[in-house]
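Here's the structure, in structure tokens; my notes come after.
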Amino acid sequence: MFFGPVKPATRRAQIRAGRPDTLRQWWDARRADGTIASVWLALLFAAGVIAILTLRDDVVPYRPGQFVGHDIVARTDFVFHDADELAAAQNRARVQTPRVYRELPSPWDLIAQKLRDLPQSVAGLTESELRPDLQGIVSGAALTRLREAAASDERREQYLQWVEAFISAARKLDLVILRDEQRLKEVDRNLYIPGRGTMRGELTFSLEKMGEEIAGRLQRPVQDAFPPVLQPVVTQLTLRWLTPTHEFDDAATAAAMNQAAQSVPSSAGDVHFAANQVIVSSGEIRDRDWEILRAEARAFARRHDRSGWKSFLGVSTVALILTGMLATYIAHYQPRIVRNHARGIAVAVLLLAMLLLAQLSGISSQPMYVFALFPTLLVATILSIVYDRRFAAGVATLHGLLVTLALGEDLDFLLVLLSGVATICALLDEVRSRSKLIEIAGAAAVAMMLTAAATGVLNHDPRPFVLRNCLHAGAAGLGVGFVVLGILPFIEKAFRITTAMTLLELADFSHPLLRRISSEAPGTWNHSLQVAAMAEEAAEAIGCNSLLCRVGSYYHDCGKINKPGYFVENQQDGVNRHLNLSPNVSLLIIVGHVKDGLELAREYKLPTSIFSFIQQHHGTTLVEFFYDRAMRQASPEDGLSELQFRYPGPKPKTKEVAIVMLADCCESAARALVELTPEMIEKLVEDITRRRVEDGQLDECDMTLRELELVKRSLIKSLLGIHHGRIAYPPTDAGTATRSTGVEQEAGQSNPVARSA
């Protein structure tokens, strides 16, 4: 049968590839508009959500401080490790550990030496001439007997034998003598003495209150060694010279107690619970109750394999569904995120980070209405600032569903969360002041507090617990405002957006530091205003941050307010205070305004971006006036150098600071010109710029020659506008120039009265 000519397969493939409705064409189009990459990003996001949601088995649906209206029973047998019980057992072991005492140098050596020297100490002396420690003890026959021992070698030898016999017998008594306050602590317990072992505390002695007991223990050694006439003397002197034999060893005792505590087995803190046993009674959940519930949840999950494939499949399905909804919403209302993968990654990272933060707060014992509400509210606030309110409301709602699922919370929690999200997205349109963020956060806090109160009343919760939930929800709402206020610069960097809130606040003339400059150094303030106008125009000319240049110019000379009278623009009385100062002292005052400015900037907590304008606007330039003056006054032997009369720097690091440096120099120099003609102004700017370039002041900033030329033209234009010429009016009959209105002067017209005259 004839079927006609058959086309080659390659030809058919070429025809299909050329058709606009083929799958390949569709695929290439989706790759070109970024859809395929966005799908992969969505799948990665879903994988992250699944990984975070797998932690939900560790979440306990109760929190310390939460009210529970029923008893909670155990679903399975489990063992709860009670840290408090283990700590109590360890503490008992510490208390039962004998305290350790270390041995002091033996007091019997000193007593023996003093007894040997006793005959010589009393020889030839009356009772009133004896040493204070001997008076009242050595007297009468005992004193005579000691004198005899000192006078005769034979009797002295016999006396020394008595002393040795007594000391030897006294050592054998093994007296343990403690200070009185230490012995009082050890009476009813054991103590440990190295070399002797453990002994009871009542077997020890103290010199302060147990002298009679010690004397009784010494009676036999004294009677066996000395004749009766010397026995009372030796006993009393021994008690007087006797010192403690042992003292408390704090370090050794602590080490022994720690060792005893470590020897306690960890099983000493185990508490066994049986299935169907009440583990938490109705009422308020305490910290220990939460720990018990957490142990029961883990035991139940291990026994029933809740982390198996069925649970994983359910979590994965829900995560994919919510991710699909989120991706569809983003593609519909913010399609540029599909094309700009950097923004898509930023949004995905934000959502995953906040979901993880909420999940971690669920694992911890922190109040749920504080740390679990906070992440979603933060998502709503950030996305409202970066994108728009409708987009932020939708994404934050889906994020709230994920958080509710991850924490196993009920509808009450979701209602409180959505009330805060709706309030933030409805009110946060544009951030122009810091107070607005706090006001919106306060409104969200009020909305969540009302919702929490309504759900609490609906569930018949006790009033204290309803009030606590309201306070927690309000804290979460207010916390978002303060956190966003603090991390706003990081938000700008992460999403590549620019907000001028901080700079606009600093540019407000009511700022305390600017008010000080205007009142204490009016000439400097007027100079700063002129520099700000010139620098802003120059920055606009080369595409730099003009607002930063303007604000930096306002503050660049703030250090002059400490000594305003030493700067020429503030010398209203015409008196130059440097005339009576040496060039070196004048240099320190002039250069010091940079350091003073930095100190003021820190005092008034200016951002660090302003510091560079204060520190670098002079670079390392030469203070020419005082250098020339010093050169005229110095002799060749002084070895004067330019380095001594230069600013400490550093040189400008950015284009903005370099522009302010040039504007500062040109404005100051223009004030010193006697004749302000366009030619003179242009020559002045050209000369100052050339000298700064030759001096290397612009070497460390990335300003090109073309940009430098544009800056010069802008500065010339600004100076011409500031110092524009005025027409000369003919004198009146009285010999004075007539006055004209500002409009007439700007228009170049004379006063009608003058014309008629």
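The values are calculated or read from the model by the stated rules, or taken from the named source; none is laboratory data. For clarity, every value in this text was computed on a predicted model and none was experimentally measured. FYI the Cβ positions are ideal-geometry reconstructions off the backbone, even for glycines, and counts take in every protein chain you see. Accessible surface is based on the protein model in full, side chains and every heavy atom, while ligands, DNA and RNA are left aside. Shrake-Rupley method; radii C 1.70, N 1.55, O 1.52, S 1.80 Å.
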Completion exercise
Those residues of the stretch 627-644 that are at positive phi and at pLDDT 80 or above come to a total of 0
Problem - Residue ID - modelled with the lowest pLDDT, chosen from residues in the stretch 193-210 that are within 14 Å of residue 174 (Cα to Cα) and not in a strand (DSSP E or B) - result: 195
Exercise for the section: For the stretch 659-693, name all the residues that are aliphatic (A, V, I, L, M), without any contact (Cβ under 8 Å) to a residue 60 or more places away in the chain and part of a helix (DSSP H, G or I). Expected result: 661, 669, 670, 672, 680, 681, 684, 685, 688, 693
Exercise for the section: Need at least 2 residues that are closer than 30 Å to residue 345 by Cβ and at pLDDT 85 or above per element, so show me which helices (runs of 4 or more DSSP H) inside the stretch 425-513 make the cut, counting only ones lying wholly within it. Expected result: 434-458, 463-495
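Okay, residues lined up against (1) closer than 26 Å to residue 698 by Cα; (2) surrounded by fewer than 18 Cβ atoms within 10 Å (Cβ to Cβ):
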residue: 555; (1), (2): yes, no
residue: 561; (1), (2): no, no
residue: 575; (1), (2): no, yes
residue: 580; (1), (2): no, yes
residue: 584; (1), (2): no, yes
residue: 587; (1), (2): yes, no
residue: 592; (1), (2): yes, yes
residue: 601; (1), (2): yes, no
residue: 607; (1), (2): yes, yes
Fill in the blank from the handout: Inside the stretch 158-179, the number of residues satisfying the requirement of being in contact with a helix residue (DSSP H, G or I) (Cβ under 7 Å, 6 or more places away or on another chain), open to solvent by 10 Å² or more (accessible area, probe 1.4 Å) and more than 22 Å from residue 193 (Cα to Cα) is 3
Handout entry: Flag for residue 155 being basic (Lys, Arg) and farther than 24 Å from residue 219 by Cβ
Key = yes
Exercise for the section: Of the numbered conditions (1) on the phi > 0 side of the Ramachandran plot; (2) in contact with a Pro (Cβ under 9 Å, 6 or more places away or on another chain); (3) open to solvent by 70 Å² or more (accessible area, probe 1.4 Å), residue 619 fails exactly one; give the number of that condition. Expected result: (3)
Exercise for the section: Name every residue in the stretch 435-478 that is in contact with a helix residue (DSSP H, G or I) (Cβ under 6 Å, 6 or more places away or on another chain), over 18 Å from residue 65 (Cβ atoms) and either open to solvent by less than 20 Å² (accessible area, probe 1.4 Å) or among the charged types (D, E, K, R) (or both), in order of residue number. Expected result: 437, 440, 441, 444, 445, 477
Problem - Test: residue 653 is charged (D, E, K, R) and either within 24 Å of residue 525 (Cβ to Cβ) or in contact with an Asp or Glu (Cβ under 9 Å, 6 or more places away or on another chain) (or both) - result: yes
Fill in the blank from the handout: Looking across the stretch 720-734 at residues that are closer than 22 Å to residue 679 by Cα and open to solvent by less than 90 Å² (accessible area, probe 1.4 Å), the single one that is modelled with the highest pLDDT is 720
Handout entry: Those helices (runs of 4 or more DSSP H) lying entirely in the stretch 67-122 with at least 3 residues out of contact with any Leu (no Cβ under 7 Å at 6 or more places or on another chain) and open to solvent by 40 Å² or more (accessible area, probe 1.4 Å)
Key = 83-96, 107-116
Problem - Among (1) modelled with pLDDT of 70 or more; (2) under 30 Å from residue 291 (Cα atoms), the one test that residue 37 misses - result: (2)
Fill in the blank from the handout: Note on the stretch 489-510: residues open to solvent by less than 70 Å² (accessible area, probe 1.4 Å) and in contact (Cβ under 8 Å) with a residue 60 or more places away in the chain are 491, 494, 495, 497, 499, 501, 502, 505, 506
Exercise for the section: Report yes if residue 281 is of a type in the set (S, T, N, Q), more than 40 Å from the chain's Cα centre (by Cα) and more than 30 Å from residue 185 (Cβ to Cβ), otherwise no. Expected result: yes
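Per-residue answers, yes or no, for (1) in contact (Cβ under 8 Å) with a residue 60 or more places away in the chain; (2) open to solvent by 80 Å² or more (accessible area, probe 1.4 Å); (3) in a helix (DSSP H, G or I):
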{"site": "216", "(1), (2), (3)": "no, no, yes"}
{"site": "222", "(1), (2), (3)": "no, no, yes"}
{"site": "227", "(1), (2), (3)": "yes, no, no"}
{"site": "237", "(1), (2), (3)": "yes, no, yes"}
{"site": "253", "(1), (2), (3)": "yes, no, yes"}
Practice task
For residue 83, state whether it is closer than 30 Å to residue 356 by Cα and at pLDDT below 85.
Solution key: yes
Practice task
Please give the helices (runs of 4 or more DSSP H) falling wholly within the stretch 308-394 in which 1 or more residues are open to solvent by 30 Å² or more (accessible area, probe 1.4 Å) and modelled with pLDDT of 90 or more.
Solution key: 309-333, 341-363, 373-386
Completion exercise
Selection over the stretch 705-719 where residues are surrounded by fewer than 14 Cβ atoms within 10 Å (Cβ to Cβ) and either in contact with a strand residue (DSSP E or B) (Cβ under 9 Å, 6 or more places away or on another chain) or aliphatic (A, V, I, L, M) (or both) yields a count of 1
Practice task
Select, from 546, 519, the only residue that is hydroxyl-bearing (Ser, Thr, Tyr) and open to solvent by 30 Å² or more (accessible area, probe 1.4 Å).
Solution key: 519
Completion exercise
Checked against (1) part of a helix (DSSP H, G or I); (2) open to solvent by 30 Å² or more (accessible area, probe 1.4 Å), residue 404 satisfies every condition except (2)
Handout entry: Residue that is nearest to residue 107 (Cα to Cα), among those in the stretch 192-214 that are open to solvent by less than 10 Å² (accessible area, probe 1.4 Å) and of a type outside the set (Val, Ile, Thr)
Key = 206
Practice task
Six or more apart or on different chains, Cβ under 7 Å: which pairs go from a residue in the stretch 64-91 that's at positive phi to one that's open to solvent by less than 30 Å² (accessible area, probe 1.4 Å)? Could you list them?
Solution key: 65/285
